[in-house]
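The values are calculated or read from the model by the stated rules, or taken from the named source; none is laboratory data. What you are looking at is a predicted structure, and each value in this text was computed from that prediction instead of being measured. Cβ placement follows ideal geometry from the backbone for every residue including glycine, while neighbour counts extend to all protein chains displayed.
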There are 2 protein chains.
Amino acid sequence: MKITDVQTLTFRYRSTLGRDEEGHTHPAPEHDAVQVMTRITTDEEVDGYCFGGSEEMLPAARAALVGRDPLDREQIWQRLRRDQRSHRAALSDRNIGALDMALWDFAGRLTGLPVCKLLGGFRDKVPAYASTMCGDDIPGGLDSPEAYAKFALACQKRGYPALKLHTWMSPIGPNLRRDIAACRAVREAVGPDMRLMLDPHHDYTREEALELSRALEELDFYWMEEPMNEHNVASYVWLTGQLEKLMIVGPETAEGKHYTRAEWIMRGAAHASRYDVWHAGITPMVKAIGLCDALGVRLEVHAAGTGNAGNLQVLGAMGIPGEYYERGLLHPLWDYEASTPWLTEIIDPMDDQGYIHISQKPGLGTDINWDFIRDNTLKPWG
Amino acid sequence: MKITDVQTLTFRYRSTLGRDEEGHTHPAPEHDAVQVMTRITTDEEVDGYCFGGSEEMLPAARAALVGRDPLDREQIWQRLRRDQRSHRAALSDRNIGALDMALWDFAGRLTGLPVCKLLGGFRDKVPAYASTMCGDDIPGGLDSPEAYAKFALACQKRGYPALKLHTWMSPIGPNLRRDIAACRAVREAVGPDMRLMLDPHHDYTREEALELSRALEELDFYWMEEPMNEHNVASYVWLTGQLEKLMIVGPETAEGKHYTRAEWIMRGAAHASRYDVWHAGITPMVKAIGLCDALGVRLEVHAAGTGNAGNLQVLGAMGIPGEYYERGLLHPLWDYEASTPWLTEIIDPMDDQGYIHISQKPGLGTDINWDFIRDNTLKPWG
């Protein structure tokens, strides 16, 4: 069994999301947007697909993959990891993630099994939390503590058992007082039983992060993510060591795959770890879970956009640790469930108890709308 | 897809191995011996098999497995682990290992793939080291340092790139001087290029273990295993901290699955970790490998008898860490390759470069000799 090619296809879709100067998403006027798909072709009748990847990765990806057994994921992954040391062939973790997921998708399509069952299934459904977009200044959006409170109530009504606020990032934030006010408004609105989490501005000082943590402890928040620059690991050790109730969850954006998660755990830099499939794929994510399971440390999975198909498959195979699926990002003026027109069915349907039912379709479980993609192709497979 | 039953079958075979008072094996006059097989039946046309398990485990195994999806290995494994807290249903790690391996075998037979490819393949062959039986007082056996030297030469000639001595255990050992003399005799016989390792008497004092370590460093040995009681973790921290060249590899027999491996690594109790499939199966072994990979710690796989089919599949999927397959146990007066008459082909054929070629047959890759088993059944499936 051999890989014969790695290809990408680019298609367009109408988007109502825009990005601010830090890359955070907000509702925006409808406009054309593009989505890339990666395909790994083999000498079997079956291919592997992943939404994501890039045309620029193809020369390096082909050099590493073509001619190898598509089931030799560990061999391919180690080759791609080592290639990251080479200026010639360096692929980003995101691109490695797309390739690794396409290989897992292939294995599932070849065997007729979803990836969660290839890994060894644990659960068919996982509780979700509503994860808001970052704060904005859009009327009717997330422009005030009261707006967050109103939206949290709507999420609670929809069935979400938990909610995470992303508050105001640059250029609107940072604003510590306003972050705390939004958290307080949400707690007061939803009452004591809804789990609440916060992902604030990522560049607070130690002192600001501690002040924020104390306020969240008073408000009975469950965890906080990335209040400081994650490259200041010592700051996270300092903060984590002082908290009694609130969990610090991380790292999220720090480079270094599962290796960095190990360092954070060894240093006591967070109470719980964090991963998603864009950190170089399902293959290292499974190792991060093994690390956390062995040490009794929780790992909470980060929302990963088009990667959530992979995240959900991994969540289906995680015995411990890891409680929630992060659903979103959500916004009062934006229809999350209509945001992936290239799928026939959304990847994360949620019931009214707040559970996501994990796709049991082969591979990553995505139900690709080939008609939509054909009608909107900008650059065909190549 | 549902599990319909868990069964065992017992058959007899002619053995030329006996066990001493500590359970170590030595050549013995031919006699009847028994082997148990575990079978997990499903409502598919496919079953899963593992050599190992016990009739006594069946009530607890059935309570935990029957009715579940045979691909829900993580769910089943977590249930079995929790059941170990219950006096009613406690299964040994060995029995959980047999059940978990039978489930992996099922997944492989269902999909037509070897377990190493389900996990994500890394290599098709792995270097072996010759692992001797423990010392004895059998003329022509392993009854003197000179006997070890002679046998090591034979192993070198056979193609083994490395060799591990098991020296004299109770009641013949412990004998520190003689252990060192055997190691010296072997090094002098095979020359400087063969990798050498030692697994001595398991109950030396700290001071004896250090003296032994210093001697092994002089003899350019590669690693040593379990020179002291593995429950004295502080002794291993003490010993490991003083060595510069010799690796301490462990724990091997310590209870606690991958969780204990994590503790040893966190405490610096060994340079490299150790696992085999009888520590509750492939499922936790994969987590131990994730732990070690994340921390950059080597994991050397322990020989596991009938479990070696599982060990080899895992070795085929291990990118790092872990260098060798432990082949044996070997003895000058005993034909290792004829020791599994219940298989049509041995599980670990070795070429003359010392590589084991990992079976690419479905599941655990064993080629079961059903004629032999039928002709020698003592207790049929039930």
| query | Can you find even one residue in region B:87-97 that is within 11 Å of chain A (Cβ to nearest Cβ), farther than 30 Å from B:R158 by Cα and among the hydrophobic types (A, V, I, L, M, F, W, C)? | reply | no
| Quick one: which of A:G67, A:G23 is closer than 30 Å to A:P332 by Cβ and in a loop (DSSP other than H, G, I, E, B)? | A:G23
| said: I need the full set of residues from region B:343-366 which are in contact (Cβ under 8 Å) with a residue 12 or more places away in the chain, in a loop (DSSP other than H, G, I, E, B), farther than 24 Å from B:D5 by Cβ and out of contact with any Pro (no Cβ under 7 Å at 6 or more places or on another chain), in order please. | reply: B:T344, B:E345, B:I347, B:D348, B:D351, B:D352, B:Q353, B:I358
| task | List every residue pair whose Cβ atoms sit under 6 Å apart, with the two residues 6 or more apart in sequence or on different chains, where the first one lies in region B:156-170 and is farther than 20 Å from B:P200 by Cβ and the second, anywhere, is in a loop (DSSP other than H, G, I, E, B) and polar (S, T, N, Q). | result | B:G159/B:Q353
| said: So for region B:17-34 (the condition being more than 22 Å from B:M285 (Cα to Cα) and among the hydroxyl-bearing types (S, T, Y)), does at least one residue qualify? | reply: yes
| query | Scanning for something more than 24 Å from the chain's Cα centre (by Cα) and either surrounded by 15 or more Cβ atoms within 10 Å (Cβ to Cβ) or more than 22 Å from B:T306 (Cα to Cα) (or both), does region B:22-41 turn up at least one residue? | reply | yes
| said: For region A:272-284, check the following and say yes or no: at least one residue is farther than 18 Å from A:E225 by Cβ, surrounded by fewer than 24 Cβ atoms within 10 Å (Cβ to Cβ), small (G, A, S) and in the same structural domain as A:R195 (by TED's automatic domain parsing). | reply: no
| said: Could you check region A:194-209 and list, in sequence order, the residues that are farther than 11 Å from A:E226 by Cβ and surrounded by fewer than 18 Cβ atoms within 10 Å (Cβ to Cβ)? | reply: A:T205, A:R206, A:E207, A:E208
| note | With criteria (1) in a helix (DSSP H, G or I); (2) within 14 Å of chain B (Cβ to nearest Cβ); (3) under 20 Å from A:D199 (Cβ atoms); (4) in contact (Cβ under 8 Å) with a residue 24 or more places away in the chain, A:T260 comes up short on (4)
| request: Output the residues belonging to region B:299-313 that are farther than 11 Å from B:Y275 by Cα and surrounded by fewer than 24 Cβ atoms within 10 Å (Cβ to Cβ). | output: B:G305, B:T306
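Here's the yes/no breakdown for (1) modelled with pLDDT of 95 or more; (2) hydroxyl-bearing (S, T, Y); (3) part of a helix (DSSP H, G or I):
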site	(1), (2), (3)
A:I289	yes, no, yes
A:V297	yes, no, no
A:G310	yes, no, yes
A:G322	no, no, no
A:P341	yes, no, no
| query | Which of (1) under 30 Å from A:M318 (Cα atoms); (2) of a type in the set (G, A, S); (3) crowded, with 21+ Cβ neighbours inside 10 Å; (4) more than 14 Å from every other protein chain (Cβ to nearest Cβ) does A:G120 not meet, given it meets every other one? | reply | (4)
| task | Being of a type in the set (S, T, N, Q) and within 17 Å of A:W278 (Cα to Cα) is the filter; apply it to region A:48-95 and report the residue that is surrounded by the most Cβ atoms within 10 Å (Cβ to Cβ). | result | A:N95
